[in-house]
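This report concerns only the one structure given below.
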Amino acid sequence: MQHVLLTGGAGYIGSHAAAALLQAGYSITILDNLHNSSRSVRPAIEALGGRPVDWIEADIRDESALDRLLAQTPVDAVIHFAGLKAVGESVAHPLRYYDNNVSGTLTLCQAMARAGIQTLIFSSSATVYDLGQKMPLREESALGPSHPYGWSKFMVEQILLDLYRSDPTWRIALLRYFNPVGAHPSGRIGERPNGIPNNLMPHICEVARGRLPYLTVHGNDYPTRDGTGIRDYLHVMDLVEGHLAALRYLTTSAAPLVLNLGTGQGTSVLEMVNVFSEVTNRSVPVRVGPRRPGDQAACWADPGRARTLINWQARYDTAAMCRDAWCWASREETG
Ligand code: NAD
Ligand code: UD1
């Protein structure tokens, strides 16, 4: 049985990956500083996974905590979810982002190297691309982040590729997520945004719950089919399946894996609102506001390489994304 360390495993994507890994027969350790998550997710992961998890509350920048952990636990691979991810905050506090996301990854890799652990899957993002170019984005499309959060992902990608070049016994996967949404179909784990959410799906849920009066559509004058922004939303369950497939690939293949994880389908803001209302029977009033600074008209993936190399393809549609996001959000409402 393989043992996987999940940094940031208490967070939104990490908690879904934790449950999926347990279900697939892996044993896991979650290491998280709970900056953007809470202990309450642990029993839910254990219930879904059917087994206990090792749980360490520590920071990835804490060298001695990492050394202790890696000396005690026979870790075969690390999935590195830990990171800060708020674009606006990264513009206001770039040093915080470079310290947490870049220095944190350096500290983690150094500890892995000391412990002789060389398999690492990294949570990257579509935000590493120059989003002004023609869609869909392929892995060889031009890179060019537009904010410190994006640059922190770009820098870590570069560091990990250099690490591989210096020592090809490392097994590295850089997974570029498009727009993860939804929740575990059980409704027991999901995304818990801090404060007023910025992203579309949590915002739609807040409106459907009656906590916000309406959804502000950030611009309806884009050159898209209905004038609103188009993104490649993918179900978090599909996303975590991509990690399991990448993990399997790394056990047999050497070259670094750089992959888009998206559906290849673009959905507009109004299309998503309509699907959500239909599936959940909740009304989501909208008001059109100005464009959000920094937004692009459209962004979607060409996921062909993931299909070819790791035999992964997204299966859930937007109806399932909305249904499961709402199942989680409405369950939270009733406790
Ligand atoms: P999240 O905030 O829910 O989870 C991240 C977890 O990492 C949190 O539990 C947080 O407490 C922990 N963490 C942060 N800094 C840490 C540190 N220094 N030491 C230990 N733990 C730390 O975010 P998420 O949505 O689950 O994202 C996971 C990863 O995927 C992040 O690296 C993010 O940048 C990346 N990503 C997310 C999205 C998205 O839309 N959610 C898109 C692309 C990439
Ligand atoms: C945002 C981040 C991106 C990050 C991604 C993760 C910015 C500029 N970019 O991207 O770096 O990787 O989240 O999921 O923050 N929308 C509304 N009303 C709302 C919220 C969103 O109309 O209240 C629209 C947006 O204008 C956009 C679409 O919905 O067209 C999706 O927005 P969002 O969920 O924030 O994702 P991204 O913009 O792709």
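The values are calculated or read from the model by the stated rules, or taken from the named source; none is laboratory data. As the structure is a computational prediction, the values presented were derived from the model and not from experiment. As a convention, Cβ positions derive from the backbone with ideal geometry for all residues, glycine included, and neighbour counts pool all protein chains shown. Just the protein is used for accessible areas: all its heavy atoms, side chains included, with ligands, DNA and RNA removed. Shrake-Rupley method; radii C 1.70, N 1.55, O 1.52, S 1.80 Å.
Summary table below
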item: FRET efficiency for LEU161 and ASP317, using Cβ-Cβ distance with R0 set to 35 Å, rounded to 0.05; result: 0.55
item: Extension gain from ARG138 to ASP221, taking 0.36 nm per residue of separation minus the Cα-Cα distance; result: 27.3 nm
item: Overall form of the stretch 73-176 per C-alpha gyration tensor (a/c, 1.5; a/b vs b/c); result: oblate
item: Solvent-accessible surface ranking, highest first, for HIS147, HIS93 at 1.4 angstrom; result: HIS93, HIS147
item: Contact order normalised by residue count of the chain, Cα under 8 Å, 6+ apart, percent; result: 18
item: Viscosity 1.567 mPa s, 4 °C: Kirkwood-radius Stokes-Einstein D of the stretch 185-333 over Cα pairs, µm²/s; result: 78
item: Antiparallel bridge percentage (DSSP; both residues within the chain; nearest 5); result: 5
item: Gyration tensor (alpha-carbon) shape descriptor, the stretch 5-76, a/c threshold 1.5; result: oblate
item: Cα gyration tensor shape for the stretch 1-127, rounded if a/c is under 1.5, else prolate or oblate; result: oblate
item: Where chymotrypsin sites (Phe, Trp or Tyr not before Pro) fall in DSSP loop in the stretch 176-258, at most 15 other Cβ within 10 Å; result: TYR214
item: The stretch 63-170: GluC sites (Glu not before Pro) in DSSP coil with no more than 13 other Cβ atoms inside 10 Å; result: GLU140
item: Alpha-carbon centroid distance for the pair the stretch 134-149 / the stretch 258-279, whole angstrom; result: 19
item: Net dipole in debye of the chain [+1 Lys, Arg Cβ; -1 Asp, Glu Cβ; about Cα centre; nearest 20]; result: 360
item: Kyte-Doolittle at least -0.5, axis length at least 18 Å by Cα - qualifying DSSP helices, the chain; result: 148-166, 236-252
item: Mean separation of Cα contacts under 8 Å (6+ apart) over length of the stretch 182-290, as relative contact order %; result: 35
item: Compactness relative to 2.2 N^0.38 Å, alpha carbon Rg of the chain; result: 0.96
item: DSSP loop trypsin sites (Lys or Arg not before Pro) with at most 16 other Cβ within 10 Å: longest gap in the chain; result: 40-133
item: Largest-first ordering by accessible area, 1.4 Å probe, given options SER277, SER40; result: SER40, SER277
item: Fraction of alpha-carbon pairs over 12 Å apart in the stretch 37-93 - percent; result: 78
